[in-house]
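The values are calculated or read from the model by the stated rules, or taken from the named source; none is laboratory data. Everything numeric here is computed off the predicted structure, so don't read it as measured data. Ideal geometry is used to build each Cβ from the backbone, glycine not excepted, and the neighbour counts take in all protein chains shown.
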Amino acid sequence: MLFNSVEFFLLLAVVLALCRVLPFRAQNALLLVASYVFYGWWDWRFLSLLFASTVLDYLCGWKMHHTEHVHRRRLYLWCSMAGNLGMLGVFKYFNFFAESFAEVLRAVGLQPSSVTLDIVLPVGISFYTFQTMTYTLDIFRRRLAPTRNFLDFALFVSFFPQLVAGPIERAAALLPQIERPRRVTAYQIQSGLWLMLWGFFKKIAIADSVAPFVDEAFHGAGNLGWRPLLGALYLFSIQIYCDFSGYSDIARGTARLLGFELMVNFRRPYFATDIREFWHRWHISLSTFLRDYLYIPLGGNRRGRLRTDVNLMTTMLLGGLWHGANWRFVVWGGLHGIYLAVERVLAQWRLLPAASPPSFRWLSAVLKLLCLFHLVALTWIFFRAETIGGAFAMLTQIVTLADPEGINSATNLLRAAFYASLLLPLDLLQERAKTEEPFPMRWPAPLAGLLAAGMISLLLALGGEAQSFIYFQF
Amino acid sequence: MDSPRPLVHPPPPPWPRRRLWAFLLWTAIGLAALEGLARLAGFPPTEEARTVTDWEVGWLYRPHFEWVMNGWNPRIPDRVMRINSRGLRGERDYPTPREDGEIRVLCLGDSNTNQYHTDAWPEYLQRLLEAALPGRPVWVQNAGVAGFTTDNALALARRELPAFEPDFVALLVGVHDMMIVSRPASDEPLLPPLGEVMGHVSQLSAFTHWIRALAYQEALHPLGGRPADVYAITTEDPVHRVPLDRHAQNLRELAAVCRDHGATLIVISTAFRRPEVTRNLNGAGYAATANRVAAESGAIAIDLLPHFERPDRDSLFLYSTLGDWETDPGFLDDVHFNGRASEFTAALVAQGIADRLADESPGSEIRTDAIARAISSFAAPSPPGGDESRVIPPAWFLQQQERGAISPGRDSVPSAPLM
C-alpha cells in the first residue's frame, strides 16, 4: 500500500478511530493487523517472510538473553544474522552475484549456464531486516532486554508507518513506546499533521511532478546536450530528496497521530557544507545503523589512518550495495567513500579552507554548499542511470558541454529552478528554526493556517498520478 | 550485564488543545479566503460540471451547458462553448427529418474534433462544403467529445446515425486508443488512484483550478508541459487503452454500422506534433491499421501523419504550448490542432467527400477551389528524414525494433505483429 493512495487514507482513518476507543493492548493488536494489511496489500505471500523474520529474531533474542554462555549467545546471534541476511541475499542479491560471477566466467572464456532465480524483490525487505537485526544485535551487546510479548515484538518489526521505507528504527527506541500505554497529545496531532502535509507536498507536488522529466532525460540521455542533462541531474537531486524525505516525514507524522515518535531521517542534506555533515543529514537512520553496527565494529577510526580509510570505504561500498543489487550502487557508495576519505586527508593535512572572516562567512558557506551539492549530484548519475556505461556517457556529455543542435535547450534547468523555488523557502525556514519540529508550530495560528491552506491548494493543483516511492525498491 | 538503555525521545511540550483547534480553524479560513479571492477576481468556474455520465456512450457534455473558455487569460482569445440538447457541440440540434438534397456529415472524435480554443475542423468542413456545393444545404454535426476512444465513438454512432441519417461519418480518434496505461482496463483497481481523487477535489475549487490552469500552464508549459509529456513516456511492456486488435475491430464495426445506414465512413488517422510521441504510442501502427481497415471496408482513408511529421523540429525539451500559439504551423500543444491544421484537416475531408460525390453523381456541380486553396495554404512541413539522432528513442521502442516488431519508417510497418 502506498502512502499516496486512497487505500492508505481509509486504513489510517479506521485505525485512528478505533485507537481512540480501544484499550492499550487491543490498540497494539489492531496496529499489528493494520500493519499486516498494509504490507499484504502489495502481495500477501510475502507476509510469510515478514513473519518468519519476526519469529526468528524473537526466539534468538529471547534465548540469547537467557544464557550466559558466550558461545551459545554467539550461536543465536549468528542464527539471527544468517536468517535475515540469508533472506536478503536470496531475494535481493542472489541474481546479481550469480550474473556477475557468470560474467567473470564468460570473460575468461567459459560458458556458464544460467542459474538466476525468477523471483521478485519483496518491498521494504532491506528496511525491516535491518530493523529487526538491531534487536538481536543490541541484546547480544547487552544494551537491550528482550520483550516478553511476541505481539509487541511483531508490531515493532511491522509497524506500518515505517515498514517499507524507514526510518530504520532501533529496537531500543521503538519497543518501549509499543510496550507502554500511549496518550496522543494535541501537540502530536498538530505536528503530525504538519509533517504529513509537508511530506505529501514534497512527494506529490514536487517529486512526482519532476519524475516524468527525469525519466525521459535518463532514457534518452545519449542524444541530449549538456543543458537538458544537467537540468535532469538537478531535477533528480530534487526528486530523490523530496521522494525519500517526503516518505520519512509522512511516516513520522502518521506515527505521531498514533502516539509514537520516530527518529528524524533527513535534516535538509543539501545545506551541508562538507561530506561528513551530508551523511549526518541524509538518511540518518541508515548512516547511524552502518556507523554503529558496521563501521565501529570494523575498528572505526581507532586503528590508524589507513585502516580508518579502509573501514570507511567498506562501509560506504556496502551501504551502496544495500540500495540495490547493481554495480551502479556500488560505484555510488564508492564515490561517497572516496569523498569521505579525501576530506579526512585534507583535514589532516590542513588543506581545507580556514575559517573565513565573519563578514564572508555566509559567502564561504554558500560556496562550500554549492560545491558539495555538485559533488553529490555527480554521484546521483550512477544512482539513477540505467547502466554504468550510460552514467559515464552522461557524465562525459555534461563535462564536455556536448551541444547537439536542437536538443540542448535550458528547459530542464528552468524546471529545476522552478521546483527548487517551491522547496527552498520552506527548507530554509526549517533550517533557521534550528529544530526538527515543524517550524510553523511556532507561528501564530492565522499565519500557520494560511501557509497550510496554500500548501494544500498547491498540492491539489500540482498533484498528479500516484507514483510509488523510489526507496521501496531498496 | 549492563543495564538496558532505551533511547527516549523528549516528551512533547505542553500544548493546549485550543491551539490545535485554532490551527485547524485558521487553515479552513485560509482555504476559504483563497477560494473567495479567486472567485472575486473572476477566475473561471471549474470543469467538473461539463460532462455527464452516459451509460451507453460513456460520457457526453451536459445538455444545454455553456462556458467561456479562458475568459480570464488575455493571451488566449475568449470562446463560448455551447452544447446542444444531445450533449454535442452546437448552438442547436440538427433538424429531423433531413431536408431533400441535404448533405449531412457526422464528425466523431475526441477533444481534437470538439476543440475548445479554435474553430474545430467540423466547422471548417461546414464552410468548405457550403462553398463546394452551392445551393445544397449542408449540415456538419460536431460529435467530438473530449477523451473519446473508438469504443465511445462506436457507441455514439449507433445512437446518432438512425436520427441524423448522415451521408458521411468522419472519424478522427486514436489518441486515447493509443494512450499507454499502466494496466489494462479489465484490471482496474478497486479504488481510484489518489491523483484522480485529488484532481476531482481540485476541480471544485476556483483557486486550485486557477493555479493549475494559469500558474501551471502559463509558467510550466513554456518550460515543458507535463500533461503531454506523459504521452511520450513508455514502459517496458506498454498497454494501450484500446489495443490495436480492438481498435481495428471497432473500425470494422463502425464501417458496418455506416453501411447499414447508407453512410460512407471516412477514417482520419491522427497525428502528433512530436515524432517521438508518435513512435512511443505506435502512431504508425494505428495509422496503418486504420488505412487497412478503410481499404477493406470501402471507407475513405485520410492519413494525416505524412503531412504533420516533422522530425526536423521540436525536441522534447523545446515544447511550449502558448509560445506556439501564433507561430506553430499545426498544433496548440502535442496533440491538439490549431486553427490552421483544423482547416487543413477539414479540407482533406472535404476533398474526399467531393471526390466521392463526383464519382457517385457525375455532372453535379462541385467547386473545389476553396478546398484546394485551404490545402495548399497549409505550410508544407519540412521533408521528413531530418536528423534521426535528435529523436529520443525510448527503451521500449528500441527493444521492439530489435525484435523486428516495429520499424521506424511508417511505410515499412509489418502488418502481422500489429494486427
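Observations, loosely collected:
- Every test in (1) in contact (Cβ under 8 Å) with a residue 24 or more places away in the chain; (2) not in a loop (DSSP other than H, G, I, E, B) is passed by A:ASP215 save one, and that test is (1).
- Residue in region A:82-89 that is surrounded by fewer than 18 Cβ atoms within 10 Å (Cβ to Cβ), over 27 Å from the mean Cα position of the chain (by Cα) and assigned to a helix (DSSP H, G or I) present: no
- All helices (runs of 4 or more DSSP H) inside region B:143-248 with 2 or more residues being at pLDDT below 75: B:194-203, B:206-210, B:226-232
- Flag for A:PHE236 being surrounded by 24 or more Cβ atoms within 10 Å (Cβ to Cβ), more than 8 Å from every other protein chain (Cβ to nearest Cβ) and either closer than 25 Å to A:ASN265 by Cβ or touching a helix residue (DSSP H, G or I) at 6+ places or on another chain (Cβ under 9 Å) (or both): yes
- Region B:10-24: number of residues that are outside any loop (DSSP other than H, G, I, E, B) and more than 7 Å from chain A (Cβ to nearest Cβ): 3
- Going through (1) over 14 Å from A:ASP57 (Cβ atoms); (2) among the aliphatic types (A, V, I, L, M); (3) part of a loop (DSSP other than H, G, I, E, B); (4) in contact with a helix residue (DSSP H, G or I) (Cβ under 6 Å, 6 or more places away or on another chain) one by one, A:VAL184 falls short only on (4).
- The lone exception for A:PRO181 - which of (1) surrounded by 19 or more Cβ atoms within 10 Å (Cβ to Cβ); (2) more than 10 Å from every other protein chain (Cβ to nearest Cβ); (3) not polar (S, T, N, Q) it fails: (1)
- Some residue of region A:241-250 being of a type in the set (A, V, I, L, M, F, W, C) and over 26 Å from A:ALA453 (Cα atoms): no
- Flag: B:GLN126 does not match the condition of being part of a strand (DSSP E or B) and surrounded by 18 or more Cβ atoms within 10 Å (Cβ to Cβ).
- Screening A:VAL264 against (1) within 13 Å of another protein chain (Cβ to nearest Cβ); (2) more than 22 Å from A:ALA393 (Cα to Cα); (3) out of contact with any Asp or Glu (no Cβ under 6 Å at 6 or more places or on another chain); (4) surrounded by fewer than 22 Cβ atoms within 10 Å (Cβ to Cβ) leaves a single unmet condition, (3).
- Filter pass, A:SER191 being closer than 24 Å to A:ASN4 by Cα, facing another protein chain (nearest Cβ under 9 Å) and modelled with pLDDT under 90: no
- Selection of region A:1-44 for residues being in contact (Cβ under 8 Å) with a residue 60 or more places away in the chain, over 21 Å from A:GLN188 (Cβ atoms) and of a type in the set (Gly, Ala, Ser) yields A:SER5, A:ALA29.
- Some residue of region A:377-396 being within 27 Å of the chain's Cα centre (by Cα) and farther than 21 Å from A:GLU216 by Cα: no
- From the list A:GLY299, A:GLY231, the lone residue that is in contact (Cβ under 8 Å) with a residue 12 or more places away in the chain, out of contact with any strand residue (DSSP E or B) (no Cβ under 6 Å at 6 or more places or on another chain) and at positive phi is A:GLY299.
- Filtered residues of region B:91-129 (kept if among the hydroxyl-bearing types (Ser, Thr, Tyr) and over 22 Å from B:ARG367 (Cα atoms)): B:TYR94, B:THR96, B:SER111, B:THR113, B:TYR116, B:THR118
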